Amino acid sequence: MGFKQHVCDEIPHLRRYARALCRNAADADDLVQDCIERALRKRHLWRRRGRLRSWLFRMLYRIHLNHRSSARARRESVRSDAGLSLSAGPSHDAHARCGDVLAAVDALPPKQRAALLLMTLEAPSYREAARILDVNIGTLRSRLSRAREAVRRRCEGEGTEGERVLRRVK
Amino acid sequence: MMRWRRRVDRPITDEDLCAFADGQLPPQRAARVARHLRSHPEDADRVHAWWHQEADLRRAVGHVPDESPVRILPPTRARRGGAAPRRGVRSAACAALLVLTVVAVRHWPQAERDDAPSFAVTALEAYRQSGPAEAHNGVALEFAALDLEPVERRRIPLDGGEIAEHRYRRDDGTRVALYTAPAVAGANDGLLRVFQRDDVRAVAWTAADMRYALVGKASASELTRLAVELRHNLIASPSTIAEAPRVESPRIESPPVETPAVGPRAAGTSESLP
């Protein structure tokens, strides 16, 4: 019961990341459900090294990639709730700012988006994040810096990534 | 030595600034980036912009709504190694379920209410209206190894039918109640749905042709955990949901079907990270 309870305890975090990844509540719940089912089925693979949450997130992300590949293969259109939705805004300016950031994040390439959302929502170490996303740390750093700059430029109205070259600051 | 000096002296890149913003640089490298930012305010502005944007992003999507259904299979089914149904099969199953539900309307007066959300609303209303324990009409179901002391069982007349109420007391003195009623055959989606009215929550699901709702004043995660354990116990022993003797109980007026009263958490109240 201990393992299952620990897995249940991670559901809110999994759901939060899934919703941000999928941009669709129904797909996100399907994704979390698939992840939980697989985790319970593959519990014998849990080596108790590192955090259970990292293991689950890695599983969730892999399933997400598989779903996307399958959807592309079946030429399915991705259901969308018109992008991520706001929970609440304390003021008009803050609400507008949040909307700009969400729109900018929605416009990112999927892999950059996944990396940025993971770091923002869960703040793992780079080593942990790289393991979850199944990339090396150098690739993760590259995706994060590109994503952040793209969001910043879009929010500040500086144009698209293609119009600027990633510059070396010194 | 030369290789170490080259590594420390290598130019500062956007990736370094990013890693500095994430607190992921080694101390010496972080100190160098900090010195750079002090002398290059335009880069410091960019780092600050990233922090503000991510604060806005967390404010926007950092909460987790309670009303999303999460389907959790019991471990016995999981151990059989059955693969999750393919999405195409699931879509076909949902379509079939919809057809069955439409057909069932003619045979079950409450079929239009025969879904977890409306049953949860009914259970929340029944919980709110239940008073002190009346004359014992049977003991509530016992569940081994669960923090549930059986208190009472009763049947509550509902428009066109009945629901069974099993009341329990927990070790911390709080009270929860499990509500059960027959479901339409085939409406076993297994989804756990969480609802809330004021400070009372309900976790509802349908399985083995029965509707269930666990209601109490506990957190969503705690109630969900308890519901998962109950569900496991009920699947293991389906015959435990037996008919209770008919009794005179206060009539519960089934409330109109309404949107589950779950609102998003207020801004700024997202879960804190460990």
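The values are calculated or read from the model by the stated rules, or taken from the named source; none is laboratory data. Here the structure is a predicted model, which means the values were calculated and not measured. Don't worry about glycine lacking a Cβ; one is built from the backbone with ideal geometry, like all the others, and counts go over all protein chains shown. Just the protein is used for accessible areas: all its heavy atoms, side chains included, with ligands, DNA and RNA removed. Shrake-Rupley method; radii C 1.70, N 1.55, O 1.52, S 1.80 Å.
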- request: Among what's in region A:13-26 and is at pLDDT below 90 and assigned to a helix (DSSP H, G or I), pick the residue that is most open to solvent (accessible area, probe 1.4 Å).
  value: A:ALA26
- line: In region B:30-68, residues that are touching an Asp or Glu at 6+ places or on another chain (Cβ under 7 Å) and basic (Lys, Arg) total 0
query: Given B:ARG29, B:ARG58, which one is modelled with pLDDT of 85 or more and within 7 Å of chain A (Cβ to nearest Cβ)?
result: B:ARG58
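For every residue, the table says whether it meets (1) at pLDDT 95 or above; (2) basic (Lys, Arg); (3) within 16 Å of the chain's Cα centre (by Cα).
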| position | (1), (2), (3) |
| --- | --- |
| A:HIS92 | no, no, no |
| A:GLY99 | no, no, no |
| A:ARG113 | yes, yes, yes |
| A:ALA129 | yes, no, yes |
| A:GLY138 | yes, no, no |
| A:SER145 | yes, no, yes |
| A:ARG148 | yes, yes, yes |
| A:GLY159 | no, no, no |
message: Residues to consider are B:ALA218, B:ALA227; find the one that is modelled with pLDDT of 75 or more, in a loop (DSSP other than H, G, I, E, B) and within 25 Å of B:GLU142 (Cα to Cα).
response: B:ALA218
